[in-house]
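Note sheet for the following structure.
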Amino acid sequence: MSEKVMINNKLSDAVEEAIRTLRTNIQFCNTDKAVKTICLTSCIPNEGKSSTSINLAVSMARDGKKVLHMDADMRKPRSYKDVTSRFNVGLSNYLSGMVELDEAICETNIENLHVMVCGPKPPNPAELLGTERFRQMLSVLKEKYDYVIIDTPPLGSMIDAAIVASLTDGAILLIEYNTVDYKKAVMVKEQLEKANARILGVVINKIPRREFRSYYYYDYDYYYGRKSKRRSKTGDAAV
Ligand SMILES: Nc1ncnc2c1ncn2[C@@H]1O[C@H](COP(=O)(O)OP(=O)(O)O)[C@@H](O)[C@H]1O
Ligand SMILES: [Mg+2]
């Protein structure tokens, strides 16, 4: 772990605030069962999983927690824009037995934040994620870090995220505002439930600035109006 991955994390105040809310809400989920390993998935590509998961990891690290961000999206890896080829040793190398765990983890320019890049794209991501080696790796990482944040492929077309979600303490479903239809979102939620995942909540991402306030107030009214029916919602990583 000698060289550092540079994470460029300049956020607008509004996004910063939304991510802080998400972080706080996750901390509130730490009730009877600790939530240390968390995966983020979505229905389709480009909804914002990588951006949101890395922003969340940075926010937790800045809050003094020891955090590992893992790029388990072996279909479209790219959590860290600035990663150069010499850092391309990570999850796939470790899962296929080519390196030790320490060699698959890099430090970053942000204190308390380590990352595990995807590594070379394997031909069989779902198979690798379903191995005992992956399960055991998660339990080792839980001892070393306060939080392990895992970026996964969209669950609408690939099964990988359900496999990861079944092995983690919690899953967050990220949905891009006004993009994914209701049926698809329900289908993905049901897939997570079938995998016995603990769904921590839903993040609605990329809410346009003009909509944000009314969306926030709608949610607030809904909470007080129909408290018993309110589904948990982790935060609005959006603007
Ligand atoms: N809250 C947001 N507001 C504006 N743009 C966003 C937001 N979240 C993500 N994006 C942009 O959307 C694109 C896809 O994001 P990315 O995180 O790579 O998605 P995914 O990992 O789900 O495929 C990127 O260009 C990213 O900068
Ligand atoms: Mg991504």
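The values are calculated or read from the model by the stated rules, or taken from the named source; none is laboratory data. Here the structure is a predicted model, which is why all the values come from computation and not from measurement. Counting neighbours? That spans all protein chains shown, and the Cβs are built from the backbone with ideal geometry, glycine included. SASA here: full protein model, heavy atoms, side chains in, ligands and nucleic acids out. Shrake-Rupley method; radii C 1.70, N 1.55, O 1.52, S 1.80 Å.
Got at least one residue in region 43-59 being basic (Lys, Arg), within 16 Å of ligand 2 (Cβ to nearest atom) and outside any helix (DSSP H, G or I)?
No - not one qualifying residue is present in region 43-59.
Here is a list: Lys121, Lys142. Which entry is out of contact with any Gly (no Cβ under 7 Å at 6 or more places or on another chain), open to solvent by 10 Å² or more (accessible area, probe 1.4 Å) and more than 16 Å from ligand 2 (Cβ to nearest atom)? Being out of contact with any Gly (no Cβ under 7 Å at 6 or more places or on another chain), open to solvent by 10 Å² or more (accessible area, probe 1.4 Å) and more than 16 Å from ligand 2 (Cβ to nearest atom) holds for just one of Lys121, Lys142, which is Lys142. Mind listing just one residue for me: the one in region 97-113 that is in contact with a helix residue (DSSP H, G or I) (Cβ under 8 Å, 6 or more places away or on another chain) and part of a strand (DSSP E or B) and, of those, modelled with the highest pLDDT? Residue satisfying both the conditions and the ranking: Leu113.
From the list Val99, Val35, Val15, Val67, which residue is among the aliphatic types (A, V, I, L, M), more than 16 Å from ligand 2 (Cβ to nearest atom) and without any contact (Cβ under 8 Å) to a residue 40 or more places away in the chain?
Checking each option against the conditions leaves just Val99.
Report yes if Ser96 is open to solvent by 10 Å² or more (accessible area, probe 1.4 Å) and closer than 27 Å to Glu193 by Cα, otherwise no. The answer is no for Ser96.
Residues checked against (1) open to solvent by 60 Å² or more (accessible area, probe 1.4 Å); (2) touching a Pro at 6+ places or on another chain (Cβ under 6 Å); (3) at pLDDT 95 or above; (4) away from ligand 1 (no atom under 13 Å from the Cβ):
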{"position": "Met1", "(1), (2), (3), (4)": "yes, no, no, yes"}
{"position": "Leu11", "(1), (2), (3), (4)": "no, no, no, no"}
{"position": "Ala18", "(1), (2), (3), (4)": "no, no, no, no"}
{"position": "Cys29", "(1), (2), (3), (4)": "no, no, no, yes"}
{"position": "Asp32", "(1), (2), (3), (4)": "yes, no, no, yes"}
{"position": "Ser51", "(1), (2), (3), (4)": "no, no, no, no"}
{"position": "Lys66", "(1), (2), (3), (4)": "yes, no, yes, yes"}
{"position": "Met70", "(1), (2), (3), (4)": "no, no, yes, yes"}
{"position": "Asp82", "(1), (2), (3), (4)": "yes, no, no, yes"}
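Of the candidates Gly130, Gly119, the single residue that is out of contact with any His (no Cβ under 6 Å at 6 or more places or on another chain) and at positive phi is Gly119. Residue pairs whose Cβ atoms lie under 7 Å apart, sitting 6 or more positions apart in sequence or on different chains, and linking a residue in region 139-161 that is within 26 Å of Met187 (Cα to Cα) to a partner that is part of a loop (DSSP other than H, G, I, E, B) and of a type in the set (S, T, N, Q), are Ile150/Thr168; Asp151/Ser79; Asp160/Thr152; Ala161/Thr152.
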